[in-house]
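The values are calculated or read from the model by the stated rules, or taken from the named source; none is laboratory data. Keep in mind that what you see is a predicted model, and the values were worked out from it rather than measured. Because the Cβ atoms are built from the backbone with ideal geometry, glycine has one as well, and the counts that use them run over all protein chains shown.
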Amino acid sequence: MRRTIPLIIILLISILLWSLSRGKVEAEDSLPPALRVASGTNHTDFARALEPRQFTLPQDHGPHLEYQTEWWYFTGNLETVEGQHFGYQLTFFRRGLSPEPQPRESSFATNQIYFAHLAITDVAESSHQEVERFSRGASGLAGASGEPFQIWLEDWTLKALNEEGSHLHLSASEGDLGLDLELRSEKPVVLHGESGLSPKSDDPGNASYYLSYTRLWTSGLLQMDGIEFEVQGQSWFDHEWSTSVLGEEAVGWDWFGLQLSDNRDLMFFLIRNNDGSIDSISGGTLVEADGSTVPLGVDEIEIQVLDYWQSPETGADYPSSWQVSLPAMDLDLNIEPWLKDQEMNISLVYWEGAVNVSGFSNGLQISGNGYVELTGYAYSFQGIF
C-alpha cells in the first residue's frame with residue numbers, strides 16, 4: 001500500500017508546522033498536547049491523485065510539494081558472511097502545511113516538515129531498536145530534490161549514485177544504531193495500481209501515486225549497540241505521494257512486500273474497515289523475474305492469520321503469522337516474522353518488521369524474505385483525513 005500517516009503523527013506535524021511556518025518554534029510548554037486536534041492544515045488546498053499520469057525519472061523521485069504527504073521508504077533483509085540475519089527500515093517523510101510557501105522574513109520559516117524513522121532488527125540477539133527525527137524544510141536542515149535525487153534530514157541522507165536514481169546510498173545513525181548501505185536495483189521501476197495511480201477507497205482522489213524498486217542488491221554496514229556488521233542482501237524501495245487516502249470507514253491496513261527465491265516479488269495491501277471487513281479496493285502487484293508486472297485484485301488473494309502477538313508495551317494484538325494463497329498463480333506461502341517484537345513505538349505506534357517466507361510455487365518449494373507493516377491495531381485510524 002504505502003503509507004498513510006497515522007493520526008498521532010498528523011496532529012503532531014500540524015502543530016509543528018503551524019509554528020514553523022511563522023519562522024519560530026513555540027516553547028515546549030506552550031504547545032498543545034500531541035493528541036489535541038489542531039487547526040493545522042486543510043488538505044482541500046492541495047492537489048489530489050485523481051487519474052493516471054506520466055512519470056519522468058529522476059524528477060519524480062523528488063518531492064511533489066503540491067501534494068500534502070510524501071514518503072520514501074526503504075526496508076531490507078541483510079546477512080553477514082556468517083549468516084547472522086538483520087532487518088532494517090529507513091523512511092523519510094514530508095508533510096506540507098500549504099501547497100505554496102508563505103512569505104516570511106526568517107530563513108527558518110517553512111511550509112514543509114520532514115521526519116524519518118530508522119529501525120534495525122538483530123535476529124540473533126532478539127533485538128529491535130527504533131529512533132526518529134524531525135526537522136523543518138528550511139535553512140538546509142532537511143529537504144529533497146529530484147535532480148539530483150537526494151533526501152536529507154540533517155545527517156541522515158539518501159543520495160543517488162546514477163542519473164536514473166536506481167543506484168543509491170543510504171546513511172543514518174543515532175547513538176549506537178546506524179547504517180551505511182549501497183543499493184542497486186536489479187529490476188525496472190514498478191508502477192502500482194493503474195499505471196502508478198493506487199486507489200485506497202472508492203471516493204475519487206482517495207489515492208496515491210506509488211512507485212517502487214522491489215529488488216535492490218544491497219551491501220554495506222549496519223551498527224547495533226555500537227558493534228559494526230558487514231552485511232549484504234536485498235532491499236525494497238517505495239516512493240508514494242498523496243493528499244487524501246483512506247476512506248471514512250477504514251481503521252488501518254496490512255501491507256506485505258515479499259522477495260521470493262524464484263526472483264519474483266509480491267506486494268499486496270489489505271485495508272481494514274470498522275466492521276472487520278476488508279475493503280474491496282485492496283489489492284497488489286506481482287513482479288515477475290523479468291520485471292513485468294501482474295496487477296492483483298483483492299479477490300485473487302486468500303489470506304489466513306495463523307497466530308497473534310500482543311505487545312507488552314502497548315497491549316496491541318498484531319497478526320504474527322499468515323498463510324497466503326494466490327490460486328491463479330499456483331502460489332502458496334507461509335509468512336513468519338523473523339522476530340515477533342518489531343513494534344515501532346515512537347511518536348506513533350505500528351508494527352513494521354522483517355519476515356521469512358516459505359511455501360510452494362507451481363508445486364516447487366520456494367522461500368524468501370520481506371517486510372510487513374501493520375497499522376490501526378494500537379488505535380484506530382478512522383477519520384485521519
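In table form, for the structure just shown:
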{"item": "Answer from 376, 359, 353, 370 - the residue that is part of a strand (DSSP E or B) and farther than 19 Å from residue 236 by Cα", "result": "359"}
{"item": "Number of positions in the range 316-350 that are touching a residue at least 60 places away in the same chain (Cβ under 8 Å), charged (D, E, K, R) and not in a loop (DSSP other than H, G, I, E, B)", "result": "2"}
{"item": "Only listed residue being in contact with a Gly (Cβ under 8 Å, 6 or more places away or on another chain), at pLDDT 95 or above and aromatic (Phe, Trp, Tyr), chosen from 46, 74, 92, 55", "result": "55"}
{"item": "Some residue of the range 208-224 being modelled with pLDDT under 95 and buried (at least 23 other Cβ atoms within 10 Å of the Cβ)", "result": "yes"}
{"item": "Qualifying residue in the range 141-148 (condition: more than 21 Å from residue 67 (Cα to Cα) and of a type in the set (Gly, Ala, Ser))", "result": "no"}
{"item": "In the range 265-278, the residues that are more than 20 Å from the chain's Cα centre (by Cα) and either under 16 Å from residue 374 (Cβ atoms) or modelled with pLDDT of 95 or more (or both)", "result": "273, 276, 278"}
{"item": "Subset of the range 50-83 that is part of a loop (DSSP other than H, G, I, E, B) and charged (D, E, K, R) - its residue that is farthest from residue 258 (Cα to Cα)", "result": "66"}
{"item": "Verdict on residue 306 being at pLDDT 95 or above, aliphatic (A, V, I, L, M) and surrounded by fewer than 17 Cβ atoms within 10 Å (Cβ to Cβ)", "result": "yes"}
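The rows are residues; the columns are (1) within 26 Å of residue 285 (Cβ to Cβ); (2) touching a Gly at 6+ places or on another chain (Cβ under 6 Å).
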site: 136; (1), (2): no, no
site: 142; (1), (2): no, no
site: 154; (1), (2): no, no
site: 170; (1), (2): yes, no
site: 178; (1), (2): no, no
site: 183; (1), (2): yes, no
site: 218; (1), (2): yes, yes
site: 242; (1), (2): yes, no
